[in-house]
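Here's the structure we're looking at; comments come further down.
No lab work stands behind these numbers, since they all come straight from the coordinates. Note that this is a predicted model, so its numbers are computed, not measured. Note that each Cβ is placed from the backbone with ideal geometry, even for glycine, and that neighbours are counted across all protein chains shown.
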Amino acid sequence: MEMKIRTYGDPVLRKKSEKIDDINEELLELIEYMKKTMYSASGIGLAAPQVGINKRLFIIDIGEGIKTIINPEFIESNSSIIEMEEGCLSIPGTYKKVKRPEKVTVKYLNEKGEEIIEEADGIYARALQHENDHLDGIMFVDRLSTVGKKLVSKKLDAIKKETLKNL
Ligand SMILES: [Zn+2]
């Protein structure tokens, strides 16, 4: 089953998601649906709130296989800040450069419930931070400069209008 991808303006994208305390059949089914949904939309990452579920879960596939990330926590690290272009399945057709740490260390559970600690850089580090933001109701356009925000405001207004019409 493919799920509907929620778009900018949908209140579900602005809620803080809840920690998952049981990796059960229902959750594994949700993960399968999310994978189908992400691949069919040609995305490299998808967070549960983007399909209307406010749980701390996302999936990433940057071309090196699928990763399921449950209850992620970022461990403080000193990293330089770099700019990289980002897009989002919830904000179709909008790509902008965003400043974020180049490297991150993340601790999470995979879908087998195993605790994983990973150091990441490049596109993977970027995707981890972008998707994690979704769990806190933050979208990448929130992280743009004042000028950057101005440049996307019309587009965002248009997407929001369409979203609200179809809610
Ligand atoms: Zn996104």
### Query
Does residue 94 satisfy the condition of being in contact with a Cys (Cβ under 9 Å, 6 or more places away or on another chain) and on the phi < 0 side of the Ramachandran plot?
yes
### Summary
When every residue in region 41-56 that is closer than 20 Å to residue 107 by Cβ and either more than 14 Å from the ligand (Cβ to nearest atom) or without any contact (Cβ under 8 Å) to a residue 12 or more places away in the chain (or both) is compared, the one surrounded by the fewest Cβ atoms within 10 Å (Cβ to Cβ) is 55
### Query
From the set of residues in region 28-40 that are away from the ligand (no atom under 14 Å from the Cβ) and of a type outside the set (A, V, I, L, M), which is farthest from residue 88 (Cα to Cα)?
29
### Query
residue 66 passes all but one of (1) under 21 Å from residue 4 (Cα atoms); (2) in contact with a Phe, Trp or Tyr (Cβ under 7 Å, 6 or more places away or on another chain); which number fails?
(2)
## Note on the structure
Residue hits (region 24-40; more than 11 Å from residue 55 (Cβ to Cβ), in contact (Cβ under 8 Å) with a residue 40 or more places away in the chain and surrounded by 15 or more Cβ atoms within 10 Å (Cβ to Cβ)) are 38
